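Quick notes on the structure that follows.
Each value in this text was obtained by applying a stated rule to the coordinates, not by laboratory testing. Bear in mind the structure is a predicted one, so any value in this text is a computation, not a measurement. Cβ placement follows ideal geometry from the backbone for every residue including glycine, while neighbour counts extend to all protein chains displayed.
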C-alpha cells in the first residue's frame with residue numbers, strides 16, 4: 001500500500017495538463033511486476049525504484065514498438081513518412097522533456113521523476129498510437 005501511494009505521488013509529480021491520455025489509463029498499463037518490484041524491499045530506495053522503472057520501461061518500450069509497427073503496416077508510403085517524422089519528433093521531445101526534470105541540485109527525487117516521466121510518456125504514446133485511427 002505504501003508503494004502504491006508513492007507511485008501515485010510520483011505520477012502526480014510527472015503528470016502535466018499537456019498529457020493527452022488520462023493518467024488512470026496510463027497507470028492501468030503498468031504490469032503487476034512493476035508494482036511488486038516497487039513493493040519489494042529493493043524497491044524502497046531511489047536506486048531500487050529506478051531499477052524497477054527500468055525493467056518496466058523495457059516492457060512498455062516493446063509495447064510502444066509493437067503499436068508503432070502495427071499502425072505503420074497499414075499505411076501508404078506518404079502516411080508512413082508522416083508518422084515516422086512525428087515519431088522521431090516525439091522521441092526527441094520525450095527525451096528532452098524528461099531529462100529537463102533531472103538535476104543533481106534537486107536531489108534524488110529528480111532521478112525518480114525523470115525516469116517516471118520516460119515511463120509515463122512511453123505508455124501515453126503507446127495508447128495514442130493504438131487509438132491513432134480511431135479518432
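Fewest neighbouring Cβ atoms within 10 Å first, the residues 21, 53 line up as 21, 53. Ranked for footprinting exposure by Cβ neighbours inside 10 Å, fewest first, 132, 34 give 132, 34. Given their separation in residues at 0.36 nm each and the Cα-Cα distance between them, residue 89 and residue 42 gain 13.4 nm when the chain is fully extended.
Note down, for region 2-130, the three equivalent ellipsoid semi-axes (square root of 5 times each alpha carbon gyration tensor eigenvalue), biggest first, whole angstrom. Could the numbers behind the result be given before it?
Working: eigenvalues 156, 52, 29 Å².
Working from the Cα gyration tensor, I get semi-axes of 28, 16, 12 Å.
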